[in-house]
Amino acid sequence: MQDGRNVVAGDAVRGGIDEEREVLRHSTAHVLAQAVTDLWPGARFAIGPPIEDGFYYDFELPDGERFSDDDLPRIEARMREIIAEDQPFVREEHSIEEALAIFAAQPYKREIIEGVGRQAGLDEAAGDHDGSAIVSTYRNSDSFVDLCRGPHVASTGRLGHFRLLRVAGAYWRGDEHRQQLQRIYGTAFESSDALEAHLQRLAEAERRDHRRLGAELDLFSFPSEIGSGLPVFHPKGGLVVKLMEDASRARHEAAGYDFVNTPHITKSELFEISGHLDWFAEGMFPPMELDEGHRYYLKPMNCPFHILIYRSSQRSYRELPLRLFEFGTVYRYEKSGVVHGLTRVRGMTQDDAHIFCTRTQMAAELHDILGFVLDMLRDYGLDDFYVELSTRPERKAVGTDEEWEEATEALRQSALGRGLELRLDEGGGAFYGPKISVQARDAIGRTWQVSTVQLDFQLPQRFGLEYVGADNSRRRPVMIHRALFGTVERFLAILIEHYAGALPTWLAPLQVAVLPVRDVHETYALEVASRMRSEGLRVEMDPATEPLGARIRRHKLAKVPYIAVVGDEDVAGGTLGLNRRGADKPERGVLVDDVVSAVRTEVASHGSPGASITGRP
RNA sequence: GCCGGUGUGGCGCAGUCGGUAGCGCAGACGACUUGUAAUCGUCAGGUCGUGGGUUCGAUUCCCACCGCCGGCUCCA
């Protein structure tokens, strides 16, 4: 798989209310700029657009001064004064020359104005403009005017339900070689209720943060002695990973994949042939010098290894499609500032497969892969998807037009054939082939890029892959890269956030905790636990060394699906008291067998503790 | 990599305007024997991220590096 990870995408749904919000957010951004220029005379301001959940504005303070988070309350206070003054947003129009004069002290604004002027010149040359370039400004006081296309609210008094959130660095025009500005992020809504609701959503996302839950649930950690972006999985996290991998292997076996294994390091030669050293070198760890100057690299991708397995013998069309699967651990040198929890790491394990097939098999294979992907994602409670189709990049691309057309069409048909919403990512493909990526929405509506399926025209050619066709001629196979989890690490992070740490029963490290009320019940508790264990449940007995309430609390915090309590009544009746995760009240007098069958049912269906076992309230 | 912030016992935090540190949880031990979200007590645990520098003296000030957090860039 070329790449299985990506950043969180926002929800892109837009409606009428969003247009209103854009206007008020944009207007609030103007007020922010005004407040900053009031507090730091001479501050330069760059751009301040509305964004998904709010707005930002980029600044450069005079004399190299910098904002810190502590400045936000002051700025907010000044913004509230401006809002209280109810200043009108007055639109004015100016020629390019006038505008350049107005913004004489604002180099970023001048650059934008000059850009508008240049574009107008081009349009004129193209004949679709009269050449009289005009820019608009919005003035809301004698001292503050901003270059802006608009529209804006009528006056600052219409604003007010906003919050400044953080200060961050940002490059001018997004170019890392240019001036780095400081960006202030904020959010704004039409009512305090809507603002509060949004702040609640932010708090909810924070509550679900896998880095925090991972530590609380004792799943994994990032020892600094090992290095940035290099996680270790603790016994509980390791168990969850094992369960995921077991389930994945079972599915792959059923779907006709072959299992392979490849090393973590290789001589440079392999990545010279594959081309990775030409176009991926900066994403790779530097080489180790061994054996008289041979350079060995940690692998950033598995594909070249799988290709060598393909090439290890002469292939017949009868062997195709050949599907080679591996949990392949790869290492990538991510820049220090981008490492993030389990979603952006430097060492990761991909559920990676490479499928070699004929061109005529390609469409059917893609169709099957997509079905395979969706089935697997549904195993993990992800059932709301859309698919992004990334097409040929404009600049460089290998492969013929016909190949691109055929492959892109095959990808499109595979998505449509599954009834999936398709979004086009024009020119977003890799130079070596188009791809589709499956985006899944989680429990709180965020979308994550998970699986990717990618056609590759380059590697079969570079490695000279062939198979012998029915007519005894040598042909080049088509190669499909695909990862379903993407990476195990990242997928686990998504699951933790999706389930807010309350993993479904089949993935829960501990499924049942058995708690004797007093130590005299311990023998019976052990019997219950051992009975459950013999039925394949993951169960532990927690002895009565502390009060029952304390033990219950500990297991509730650990999000254990079932907490069984056994006391006098249960010893007498061969039952237990059951505290199901998510239920407000415990059930008494439950039969052990009923718990066993409930857990087994949930494991089979990949569910979580559901309705009452006994049917009683 | 860049900008800003941050780093105090396993975890969450306090503190020292420069005179080598405290709390809660967790841990160990003891008592308590508990019917559904924290029983009580005792004890132990930190060269205050690392390395330099300033100083009579640095955890506190300065510099560099490392880690982490928020962004930018990147994410083939």
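The values are calculated or read from the model by the stated rules, or taken from the named source; none is laboratory data. Predicted, not measured: the structure shown is a model, and the values here were computed from it. Don't worry about glycine lacking a Cβ; one is built from the backbone with ideal geometry, like all the others, and counts go over all protein chains shown.
A few notes on this one:
- Meets criteria (more than 25 Å from A:GLY371 (Cα to Cα) and either surrounded by fewer than 20 Cβ atoms within 10 Å (Cβ to Cβ) or in contact (Cβ under 8 Å) with a residue 60 or more places away in the chain (or both)) for A:GLY486: no
- The single condition from (1) touching a strand residue (DSSP E or B) at 6+ places or on another chain (Cβ under 7 Å); (2) in contact (Cβ under 8 Å) with a residue 60 or more places away in the chain that A:TYR171 fails is (2).
- Output for the range A:55-73, where each listed residue is more than 9 Å from RNA strand B (Cβ to nearest atom) and on the phi > 0 side of the Ramachandran plot: A:ASP63
- Residues located in the range A:245-296, provided they are surrounded by 13 or more Cβ atoms within 10 Å (Cβ to Cβ), in contact with a Ser or Thr (Cβ under 9 Å, 6 or more places away or on another chain), of a type outside the set (Phe, Trp, Tyr) and more than 20 Å from A:ARG482 (Cα to Cα): A:LEU277, A:PRO287, A:ARG295
- All conditions in (1) surrounded by 12 or more Cβ atoms within 10 Å (Cβ to Cβ); (2) more than 10 Å from RNA strand B (Cβ to nearest atom); (3) farther than 19 Å from A:VAL488 by Cα hold for A:ALA203, with the sole exception of (1).
- Count of the range A:510-564 residues which are near RNA strand B (Cβ under 8 Å from one of its atoms) and within 21 Å of A:ARG600 (Cβ to Cβ): 2
- Taking every residue in the range A:183-205 that is outside any loop (DSSP other than H, G, I, E, B) and pairing it with any residue that is away from RNA strand B (no atom under 14 Å from the Cβ) and among the polar types (S, T, N, Q), at least 6 positions away or on another chain, the pairs with Cβ-Cβ distances below 8 Å are A:GLY186/A:THR28; A:ALA188/A:THR28.
- The selection criterion, being closer than 29 Å to A:HIS198 by Cβ and of a type in the set (Gly, Ala, Ser), does not hold for A:GLY427.
- For the range A:368-379, the criterion of being part of a helix (DSSP H, G or I), at pLDDT below 95, within 16 Å of RNA strand B (Cβ to nearest atom) and among the hydrophobic types (A, V, I, L, M, F, W, C) is met by none of the residues.
- Test: residue in the range A:566-575 that is within 9 Å of RNA strand B (Cβ to nearest atom) and of a type in the set (S, T, N, Q): yes
- Residue among A:ARG332, A:ARG359 that alone is buried (at least 20 other Cβ atoms within 10 Å of the Cβ) and in contact with a strand residue (DSSP E or B) (Cβ under 9 Å, 6 or more places away or on another chain): A:ARG332
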